[in-house]
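Working notes for the structure below.
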Amino acid sequence: MKIDYTSYKDVKLKGKKVLIRVDINSNIDTEKMEIRDSPRIRALAPALNEHFKKSAVIILAHQSRPGKPDFTDLSLHAKEIEKEIGRPVKFVKDIFGEVATKAIKELKPGEVLVLDNVRKFEGEMKNYEDFSDAEATELIQKLFPLVDYVIVDAFGAAHRAHASIIGWPKMLAGPITDKELGALKKIIENPDKPMAMLIGGAKAIDKFKAMKYNFESDKLDYALCSGLTAVLIFEALGKNMGEPNHKIIAEDLEENHDMIKETYEKFKDKILLPVDLVIDDNGNRKIITVDEAETYNATTGDIGPQTVENFKEVIMKCKTVIANGPPGIFEMEVFRESTNKMVDAMAEATRKNNALTVIGGGEMGAAAAMSGKGDDVSFISTAGGAMLEILSGNDLPMIRALREKKL
Ligand code: 3PG
């Protein structure tokens, strides 16, 4: 991946109207309609105050995907940003219509305006292969002439070739992208070994593929597999993990069964799988063996204590540890324990062994913050899927667009 862009630091932003496409996609408690915790907003806030205080700032971002319960407008995010930056933040429930256009035209240096969820625009999420098709969309045609500069800094969504990420005729990179690439460079190019990858959460097949790539390119020494990635592997090996687990990975399993099995056989000495799991027994943690998953036929929402010990032992002998996705469904109290313990182990590896420890993904980042140890690991990335793509050796659409459309 060739990194070659013009940065926000290369231009004078004082007094200018600047549109920043960021990724503040957050973990939302849909019952209370509250943002649980947003490391992405916390990463954005200092950048806004440090670099863009004298500009009129327009924030463009997404939340979730149409049809999902957490697909909301961005008023919640605007309030959260206001809290973090300590000055008023305006919000309009419009992206590029009359209301948004008027608000952008009236915006003064020092003011911040959040536009509505860009994924409400149906042309946004088309995964444009040809960047000029994205450039022709109404979103870009309407917004681009209204501002002096567009900064694309949605690092967490850098793997999406969406209109607002790759469609601008000219674009600058922002502070979050600068920081993230700086931290990930060492891991991409030349990680200190041994290196372990802790894999959890959803998007199991993508994580499995990133693991495979890193084994094949000889960067990775250990994969600590939990969550749905572990379910995927167990089922490819012929185990029945129960219907609630199975149905989530069924499609990926069917499409990739042989590849998963072959990869596992090839690298099994380096792959640690759970030896015990946790199910919810009326609000209590019930520890079960992997073989019992079929009998209980319930969601195995966390890894058990022996697995935590096994994973920790590996973490403590590594010089580089990268976590992508929490090992448990940490949003639920009953499944939170192992995530906290894994964050603790990474913090300990940083402190005692000077290991480079990186946590990726909005969810794992939120989990780290909730556990109170987030500051003790080397770096919390705002990227999950994008980080996986980078770790899989892929050129990211956002980085390519920044390169091809640099000022
Ligand atoms: C993320 O949280 O991974 C990014 O915001 C991208 O979101 P998406 O996976 O819905 O495209």
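The values are calculated or read from the model by the stated rules, or taken from the named source; none is laboratory data. This structure is a prediction, so every number in the text was calculated from the model and none was measured. All Cβ positions, glycine included, derive from the backbone under ideal geometry; neighbour counts span all protein chains shown. The protein model used for the area step is the full one, side chains on, heavy atoms only, and it has no ligands, DNA or RNA in it. Shrake-Rupley method; radii C 1.70, N 1.55, O 1.52, S 1.80 Å.
May I ask for the distance between the Cα centers of the stretch 210-237 and the stretch 54-100, given as a whole number of Å?
Cα centroid of the stretch 210-237 versus Cα centroid of the stretch 54-100: 37 Å apart.
For the stretch 80-194, what is Rg from Cα atoms divided by 2.2 N^0.38 Å, rounded to two decimals?
Taking N as the residue count of the stretch 80-194, the ratio is 1.24.
Which values of log₁₀ I(q)/I(0), to two decimal places, follow from the Debye formula for the stretch 256-341 at q = 0.13, 0.14, 0.25, 0.26 Å⁻¹ with a uniform point scatterer at every Cα?
Listed by q, the Debye log ratios stand at -0.49, -0.57, -1.25, -1.27.
Collect residues whose amide H, placed 1.01 Å from N in the peptide plane, falls under 5 Å from the amide H of residue 28; neighbours closer than 5 in sequence don't count.
Close amide H contacts, sequence-distant or interchain: 36.
Just subtract the alpha-carbon distance of residue 122 and residue 30 from 0.36 nm times their residue separation and send over the number in nm, one decimal.
30.8 nm
Step through the table entries 105/170; 68/406; 239/317, compare each Cα-Cα distance with 24 Å, and write down the pairs that go over it.
Result: 68/406; 239/317 exceed 24 Å.
How large is ³J(HN,Hα), in whole Hz, for each residue of the stretch 224-230 in order, when computed from phi with the Karplus curve 6.51 cos²θ - 1.76 cosθ + 1.60 and θ = phi - 60°, using x for Gly and Pro?
9, 9, 9, x, 6, 5, 5
By DSSP, what percent of the beta bridges with both residues in the chain are antiparallel, rounded to the nearest 5?
Percent antiparallel among DSSP bridges in the chain is about 20.
Suppose every K and R has +1 on its Cβ and every D and E has -1 on its Cβ; what is the size of the dipole of the stretch 126-185 about the Cα centre, in Debye to the nearest 20?
Result for the stretch 126-185 is approximately 160 debye, rounded to the nearest 20.
Tell me, what ³J(HN,Hα) does each residue in the stretch 30-46 have, in order and in whole Hz, if you take phi through Karplus 6.51 cos²θ - 1.76 cosθ + 1.60 with θ = phi - 60° and put x for Gly and Pro?
Each residue's phi maps through the Karplus curve to give 6, 6, 8, 6, 10, 6, 5, 6, 10, x, 5, 5, 5, 6, 6, 4, x Hz.
Could you check which residue among 282, 240, 27 shows the biggest mean-square fluctuation in a GNM of the chain with a 10 Å Cα cutoff?
282
For the cross-link pairs 2/108; 185/319; 83/142; 14/102; 186/247, which exceed 26 Å when the distance is taken from alpha carbon to alpha carbon?
With Cα atoms farther than 26 Å apart: 2/108; 83/142; 186/247.
Where does the chain land at 222 nm, in deg cm²/dmol rounded to the nearest 500, when only DSSP H runs of n ≥ 4 count, each adding -39500 (n - 2.57), divided by all residues?
Computed ellipticity for the chain at 222 nm equals -12500 deg cm²/dmol.
If you take the C-alpha gyration tensor of the chain, multiply each eigenvalue by 5 and take the square root, what semi-axes do you get, largest first, in whole Å?
38, 22, 20
For residue 98 and residue 141 in one chain, what is 0.36 nm times their gap in residues minus the Cα-Cα distance, to one decimal in nm?
Stretched out fully, the residue 98 to residue 141 stretch lengthens by 14.1 nm.
How far is it, in nm, from the label point at residue 68 to the one at residue 317 when both lie 7 Å from their Cα along the line to the Cβ?
Placing both labels 7 Å along Cα→Cβ, they lie 3.8 nm apart.
Given a 1.4 Å probe, how much area per residue of the stretch 8-177 is accessible, in Å²?
Heavy-atom SASA per residue in the stretch 8-177 reads 43 Å².
If you bin the C-alpha pair distances of the stretch 8-177 every 5 Å from 0, what whole percents do you get?
1, 9, 19, 24, 23, 15, 7, 2, 0
Rounded to whole Å and sorted largest first, list the principal axis extents of the Cα atoms in the stretch 146-291.
Taking the Cα atoms of the stretch 146-291, the three principal extents are 60, 37, 32 Å.
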